[in-house]
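Structure first, commentary second.
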Amino acid sequence: MPRPLNVLLITADHLRYDALGCHGDPVIQTPNIDGLATRATDFSNYFVQNPVCQPSRASLLTGRYPRHHGVRHNGSRLDENEMTLVEFFHRAGYETAVVGKHHVAQSRFLAAIDHGAAHHCRRNWAEREDDKYVVEKRNEFEEYVHQRGYEYATGYALPRFRERLGAVPSDLPEDCHIDAYVGMKGIEYLDEVDTENPFFLWLGFYGPHHPYVPSGRFGHMYQAEEMPPFHKAEEDIARKPVEYRLYQQCQVHKYRGFTDASEQTFREMKAAYYGMVSQLDWKLGEVFACLERRGLADRTIVVLTSDHGEFLGDHGIPAKAPFLLDCMLHVPCLIAVPGKAAQTVDDLVEEVDLFPTLAELAGLSAPEWVQGRSQCASVTGNGSWPEQRESVYAEMVDKKCIRTDRWKYIHYPAKDRGELYDLAEDPHELHNLYHDLPYIVAKMRALFYAKLDETEDFVHPKYQRFSGHDPDTGDEVQHYHTW
């Protein structure tokens, strides 16, 4: 019986699909991710189910949609009835390790981790009127930086934090960066892991999430004037629902007043973001080198993806925002399987597909309540090619959407407004056609409701079910009972 393959799941936070050299960015330097792409299946139309960290990660880990797993916004707990990928591989006999950011609040998940490190390392300062930010108890990363002879600061503790839209390159050495620390802890685990037994390692980087604080040689690796142009149009926000304009005026926004920021400030923000991506890429190169050094490269499935994307100045909005445009939902997904050739798959693929895909690649069967579709056959070339989706689905509390190859429809429940984009003519979603093409809106709305039916949850284990047969047709019918 062949030995099971190890799994290395790498997640970034806020990494856009197009912010990689292998995806066509003419400026950014990502040689190690580009190298991974030369031996991986690159899903070019991979979309997440939510534009916010915690619900998106819950969908990645459960293979289920937010409206079913219940994590619909940051600060929500994952229901204890839900099984995560970590617990799934733990039950299958894998040693499980979670290094870096996971953002999962669930007892079952935490109990299934055999090895953990670098959790909760990013300090989220609350704004203070006196501008005094004091660390009373250092976390493990801050203590590491302190032992190196430096002090780490982030968020509102950084100079002109809001004015600079969070882009404050650091004077610290490159190994005193939070993602350098995560990579270091991941390498420590790989250097010590028992290579005779399979492992599942989730390596969760914190970047390129704002604040944008690249350090060392990455701090000023990119210049504002060399940044690719932003995707903006004069009537863009005016034609979008009023929620966009209200968001621009929000007084509790971390970068409130960002509409007054200059083009130069936005470009400096983007340059710092690029530095964060390149710094992450540098550490990934060391992780991949460790796999080679330990003889694990030909026995490990490597996955690289992100929890969601980033506006990054497109539409005149910095950082992330609670909208369902492609800049937030379209992210990289690279899956490298030893012995399998590189390829690009252009089919529409969802984040929920990752759970069943990794399960099948490891020779396991995903639970029946997992809602995603395994893409294993498209990665390996073995078996039946997965059924192609007509559309992908995403949601954000008060908005839901479906996206086909041609159209994006964003539904605002119980409201007389919405969004419609012709992606063939307007790939950056700058021209809302919702009120111009009512017949397309009607067609996409019907498809949207059909998608809701298609993705309903009927088989979760917390549901008590019984089955019988229709006396007229003989078909088996499953129903539910209560005590």
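Read-outs throughout are calculated quantities, based only on the coordinates presented, and are distinct from any laboratory measurement. Source: prediction; values computed, not measured. As a convention, Cβ positions derive from the backbone with ideal geometry for all residues, glycine included, and neighbour counts pool all protein chains shown.
Side notes on the structure shown:
- Rounded FRET efficiency, nearest 0.05, which uses the C-beta distance separating Glu188 from Tyr463 and R0 of 51 Å: 0.75
- Order of His411, His460, His479 - criterion: other Cβ atoms within 10 Å of each residue's Cβ, fewest first: His479, His460, His411
- Environment charge at Pro214 (Cβ cut-off 14 Å; Lys +1, Arg +1, Asp -1, Glu -1): -2
- Contact order normalised by residue count of the chain, Cα under 8 Å, 6+ apart, percent: 23
- The GluC sites (Glu not before Pro) found in the stretch 192-261 that occupy coil by DSSP, while having at most 13 further C-beta atoms within 10 Å, are Glu196, Glu234, Glu235.
- Ranked Thr84, Thr455, criterion: other C-beta atoms within 10 Å, fewest first: Thr455, Thr84
- Here the Karplus curve 6.51 cos²θ - 1.76 cosθ + 1.60, taken at θ = phi - 60°, turns the phi angles of the stretch 6-11 into couplings of 6, 10, 10, 9, 10, 10 Hz, with x standing for Gly and Pro.
- Listed by chain and number, the lysines whose alpha-carbon sits under 29 Å from that of Lys254, ignoring those within fewer than 8 places in the same chain, are Lys101, Lys132, Lys137, Lys232, Lys240, Lys270, Lys283, Lys320, Lys399, Lys400, Lys408, Lys415.
- Helix-only arithmetic for the chain: the sum of -39500 (n - 2.57) across DSSP H runs with n ≥ 4, divided by the residue total, places the mean residue ellipticity at 222 nm at -8000 deg cm²/dmol.
- Taken over the stretch 6-389, the ratio of Cα radius of gyration to 2.2 N^0.38 Å equals 0.96.
- Trypsin sites (Lys or Arg not before Pro) restricted to the stretch 292-399 and DSSP loop, no more than 16 other C-beta within 10 Å: Arg294
- Extension gain, Val134-Asp416: 0.36 nm per intervening residue step, less the Cα-Cα distance, totals 96.8 nm.
- Secondary structure note: in the chain, about 45% of the DSSP beta bridges are antiparallel.
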